[in-house]
Structures are given as structure tokens and as C-alpha cells.
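Quick notes on the structure that follows.
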Amino acid sequence: MNIAVTAQIARNGKSKSVHELFVDETDRKIIQATQCGLPLVSRPYDVIAESIGASGNEVRQRLLDMQKKGIIRRIAAVPNHYMLGYKGNGMTVWNVPDELIAELGPRVGALNFVSHCYHRPRCLPDWPYNLFAMVHAHNREDALLLVDEIANLLGDADCGHDILFSSRILKKTGMRLLT
Amino acid sequence: MDDLDRNIVNLLQTGFPIIEEPYAEVAMQIGITEMELLDRLSRMLEEKTLTRFGPMYDAQRLGGAFSLVAIQVPEADYANVADVVNSYAEVAHNYRRDHAFNMWYVLATETPEQIGQVNREIEQRTGLKVFNMPKLEEYFIGLQLQV
Amino acid sequence: MKVRLRRPALPEQALLDEQDLSLIDLIQVGLPLTATPYADLGKLLDIDEREVISRLQRLSNDKVIKRLGVVVRHHELGYRANAMTVWNIPNDSVSKLGFCMGQFEFVTLCYQRPRRLPDWPYNLFTMIHGRDRESVLANIQIIIEACDLINIDHDILFSTRRFKQRGAIYRKDNATKTVS
């Protein structure tokens, strides 16, 4: 199975000003009506509009605006990767020199088997890793090969790494936005 | 999953139009009827081949604070500590991982201050130190699994 | 691979048409050993794969088919370890979740039994296979994630030892619990 990658890299952080990310009452209603999924009917946005007392055009416009602001990443289907045979899903962690992480982080994130990539603070002395990348493979052995690929990319900037597989899911509740 | 299902999933991972009749549009691109597309989507969601289909919201941009937190839990205490951590509504996910840092939980709170508050409480109740690792920077790529 | 099936004594409510009867006759001797057994059954009956599956599901739900199971020589498949895993599933979700679990190749039996309360609250039985004990446990976690079973109570029975896992239990009261 191949994994394809979209072209977009979004640098998240404090760069957006607060007012750009403002959502009003109607936006909130739209979010609540759609956070579990889009209705599977011919005119889904009209149905949402009906349920919140707005017009179809308004709902569509607001969704487009939220997409532009990055509040909605995209409207899309999320496949169940376990169902598709991806059993080797691991959290790889890396100790990358601070002055290099801004350059190398996005490059690791762009690898076609990495789904999430974050810069997080170290917790010395026990936890020296500051770059976290989730990798997906069909099994653990293949996941270890992916670790090698990242290590190759980082070269000398790899000052230590590890991969943590989850062995048990202890709790998982859907995040309810705007209760 | 047949080939048509695969085409649908691959196409719909890239995005979905915000127009009056979006399913008809996508169905036309694939060469099937709108009814068939809705039927298959419905079945794949029911069978859990698809986890979800809809707008993917960036929870952080909607406000609120998030953090990833890890604990090194002695084996003898593991079940009890899991119960303590799980008891907080602010803990959205909690996973065991194979490592000395063997418990990893995601906190989602309304304010940044609450992250610290929940972590302090967990420390008090468990007697263990928690390691807070909020995201400083995100290198986000839309991963798509070609099925 | 042999399909074991009991021919009706029909429950009163079950209505079977010609296709149902033909389907039952066909699967009594075994499922076709092909990559797409249901599609191939469908070809013999001039109906499509989805209809075959949906008829079989309905026949199971109506208890016309009491048990659709396979006998597998799992050692030969490289699965040396296995565990009977039992689940306490809300009644209205059993067929949906059973179907979901049954999609994985390391699940070889999946059937429903009545609960025997209060000691035995489990109503869905699965046999989970793996290369070794660790793989079996990992496969169980995969089913939990894939089929969204995190809040479902379950118990795992390896052939010689009983290995208990609790489903997630939430305590509503934050304030009073301390770790002993």
C-alpha cells in the first residue's frame, strides 16, 4: 500500500492573531451540528441550516470561512487505519539540537509515513527528546525501519531517539468541542 | 472493501466540496450515482472502515488548552494510577506505552491554568511526578493512507 | 474450512424466501475457498455480494442460523497462541460489533451467547489468535481500537491461565479517591 502526502505544511503556533480565529454563536451551532460528521443526504449543508435556523448559503459561506482560517482543516473521510492493516503505529521521539529543529522538524513532518509531528519541551534529565513524530506501518518490524529512515534524514542531528508503541488503550473519549 | 470503495475513500480523504449538492458532484467524478455513493459511505461508517466523515476541526484554534503528559508508573500501582488519571473529564485519551514512561495522557481544558491544576492534583493523588509536554510547534501534514 | 450450521427448526417469526433456502443449502457444505466467498456464493444465486452478506446477517439475527463458525487448523497458519475473549456488549450493538470484529483474520470464532448473570455478564465470544501470547494481546488491543470497544467490559482466557482486564471504569467523584 502506498501512502500519499498532501502538499500543505501548516506552522501552528502563536502567529495568528486572536480576532482572526473568532467564532460567533452561529459558527458554534454549525460546529456542534457537524462535529460528529456530515449528514449523508443530498443537500447536507441545507439540512444543517434547517436544524440551526440559518440559510443554506450562510452555512456554506461560514464553513468556507472557517476552512480559510484553518479552524476546519478540511472536510474529509478519515479511514480506520487498524481496519486497513496498519498495526505498527508508534510514537517516535528524537533529541534534536534546538537550533536545528525549526529546519528539521518540517522535513520529518513531510515524510509520507508520519501523521503528526510536534516540537515539545524536554524534561531533563529523564526525558531528553524534543521532537515527536507518529509513524504508521503494517507491523512493528516495519515501523522500526521507518525509524531508520528518520534517523538517516536527521544525520548528526539525531542525538538520541526511541520509539514507543502503545500496548493498551486506557481511555478514549471524543473531544467535545464547545460544550 | 472493493475497488470502488477504495476509490471513494482515496478521493474523499483529499477534501469534500462545500456546494449545494456535494455528493452528486463527487459521485459524478467517480462515475457512480449519488445514491450509490451515499449508500457506500453509510456502510463504511457502519462497518468502521471509516472512522468518520465530516469537517475536521482544529480543536486548539477553537480555544482551550491541550497538553500531552507522561508518567513513569511503578507496575504495582498501574491500575490504581490509571483509575485516578481516567477519573478526570479533562483527560481525553490515556494510553499505556512500552517504555519507562509508561502512561501517556492528553489533557484538554478550557484554560491553560487548568492544565497545571489537573496535573498537580494527579501528582497529589498518586504521589508520582508528571511530565508535562505541551506542543511548542506543530509540523502538520495531512497524512493520507492510500487504500 | 467447514461451515457448521443447524438446519431450521424455524422460529415462528422468520420468513425465508427461495433465495434464503438456496443460500442455506449452499453454505451447509462449506464456504467457497476463495478470496471472495460471499461474492462467489452470490454468483451461484444470481445476487450480489452485499445481498449475500446481508441475508446471512439477517438469518443470524433471526436465529435461523444459530452459529456460523469455521474450524481452522490454526497451528498451520502460524498462529500458535490463542485466547478466548469474551465481551459484555449492549444488546442492540451485538451484531454490529460482532460483525466488526469478525473482519479481522486473527478472529476465528465470533458468536453470541446468553449472559449468565450475575457471575457471567458476557454475551459475545471471540477466539483471538496470534504468533505468541504478546501478539494475541496486541491483536485484542487492535480490535478494541478499530471497533471502538474501549468502554466495553471484557475478559481474556488463555488456555491455561485466566488473564483479566477491566474495561475503562470512570469514577464520577474526583475528590475523594486516593491511591492506596
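Answer yes or no as to whether B:D98 is among the charged types (D, E, K, R) and more than 7 Å from chain A (Cβ to nearest Cβ). No. Could you say whether any residue in the stretch A:101-111 is closer than 25 Å to C:I143 by Cα and in contact with a strand residue (DSSP E or B) (Cβ under 6 Å, 6 or more places away or on another chain)? No, the conditions are met nowhere in the stretch A:101-111.
Quick grid of which residues meet (1) assigned to a loop (DSSP other than H, G, I, E, B); (2) surrounded by 15 or more Cβ atoms within 10 Å (Cβ to Cβ); (3) free of Cβ contacts under 8 Å to residues at least 40 places away in the same chain:
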| position | (1), (2), (3) |
| --- | --- |
| A:Q67 | no, yes, yes |
| A:V96 | yes, yes, no |
| A:A102 | no, no, yes |
| A:P121 | yes, no, yes |
| A:A151 | no, no, yes |
| A:D156 | no, no, yes |
| A:K171 | no, yes, yes |
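If the requirement is being more than 7 Å from chain A (Cβ to nearest Cβ), of a type in the set (F, W, Y) and within 30 Å of A:G88 (Cβ to Cβ), which of these qualifies: B:Y57, B:Y105? Checking each option against the conditions leaves just B:Y105.
Of the candidates B:V118, B:V85, B:V81, the single residue that is facing another protein chain (nearest Cβ under 7 Å), part of a helix (DSSP H, G or I), without any contact (Cβ under 8 Å) to a residue 60 or more places away in the chain and buried (at least 18 other Cβ atoms within 10 Å of the Cβ) is B:V81. Restricting attention to the stretch B:61-78 and to residues that are touching a residue at least 60 places away in the same chain (Cβ under 8 Å) and either assigned to a loop (DSSP other than H, G, I, E, B) or of a type outside the set (A, V, I, L, M) (or both), the residue that is nearest to B:A100 (Cα to Cα) turns out to be B:S67.
Residue selection: A:I75 fails the criterion of being in a helix (DSSP H, G or I) and either at the interface with chain B (Cβ under 7 Å from one of its Cβ atoms) or modelled with pLDDT of 95 or more (or both).
The conditions of being modelled with pLDDT of 90 or more, closer than 15 Å to C:D155 by Cα and within 9 Å of the chain's Cα centre (by Cα) are met by C:T126. The number of residues in the stretch C:129-147 that are surrounded by 16 or more Cβ atoms within 10 Å (Cβ to Cβ) and either closer than 25 Å to A:T173 by Cβ or without any contact (Cβ under 8 Å) to a residue 12 or more places away in the chain (or both) comes to 11.
A search for C-beta distances below 6 Å between a residue of the stretch A:27-40 that is at the interface with another protein chain (Cβ under 9 Å from one of its Cβ atoms) and any residue that is of a type in the set (S, T, Y), counting only pairs 6+ apart in sequence or on different chains, returns A:L40/B:S42. Residues in the stretch C:110-122: is at least one at pLDDT 90 or above, surrounded by 14 or more Cβ atoms within 10 Å (Cβ to Cβ), under 26 Å from A:G85 (Cα atoms) and within 8 Å of the chain's Cα centre (by Cα)? There is no residue in the stretch C:110-122 that is at pLDDT 90 or above, surrounded by 14 or more Cβ atoms within 10 Å (Cβ to Cβ), under 26 Å from A:G85 (Cα atoms) and within 8 Å of the chain's Cα centre (by Cα). Assessment of the stretch A:46-60 against the conditions (modelled with pLDDT of 90 or more, assigned to a helix (DSSP H, G or I), away from chain C (no Cβ under 14 Å) and within 17 Å of the chain's Cα centre (by Cα)) yields no matching residue. When the stretch C:4-29 is examined, which residues are found to be in a loop (DSSP other than H, G, I, E, B) and at pLDDT below 65? Listed by number, the residues that qualify are C:L5, C:R6, C:R7, C:P8, C:A9, C:L10, C:P11, C:E12, C:Q13, C:A14, C:V29.
Looking across the stretch B:31-59 at every residue that is closer than 23 Å to C:E49 by Cβ and polar (S, T, N, Q), the one that is farthest from the chain's Cα centre (by Cα) is identified as B:T33. Annotation: A:F132 fulfils all but one of (1) surrounded by fewer than 17 Cβ atoms within 10 Å (Cβ to Cβ); (2) touching a strand residue (DSSP E or B) at 6+ places or on another chain (Cβ under 7 Å); (3) hydrophobic (A, V, I, L, M, F, W, C); the unmet one is (1). Six or more apart or on different chains, Cβ atoms under 6 Å: show the pairs whose first residue is in the stretch A:75-89 and under 17 Å from B:N7 (Cα atoms) and whose second is modelled with pLDDT under 90 and assigned to a loop (DSSP other than H, G, I, E, B). Correct list of pairs: A:L84/B:V147.
Considering only the stretch B:35-48, I want to know if a residue exists there that is without any contact (Cβ under 8 Å) to a residue 12 or more places away in the chain, touching a strand residue (DSSP E or B) at 6+ places or on another chain (Cβ under 9 Å) and within 10 Å of chain A (Cβ to nearest Cβ). Yes: one or more hits. Residues in the stretch A:119-152 that are within 12 Å of A:V96 (Cα to Cα) and away from chain B (no Cβ under 13 Å): A:A151 only. The selection criterion, being more than 21 Å from the chain's Cα centre (by Cα) and either under 21 Å from B:E25 (Cα atoms) or outside the structural domain of A:H136 (by TED's automatic domain parsing) (or both), does not hold for A:I75. Every test in (1) assigned to a loop (DSSP other than H, G, I, E, B); (2) assigned by TED's automatic domain parsing to the domain that holds B:G15 is passed by B:R40 save one, and that test is (1).
The values are calculated or read from the model by the stated rules, or taken from the named source; none is laboratory data. Bear in mind the structure is a predicted one, so any value in this text is a computation, not a measurement. As a convention, Cβ positions derive from the backbone with ideal geometry for all residues, glycine included, and neighbour counts pool all protein chains shown.
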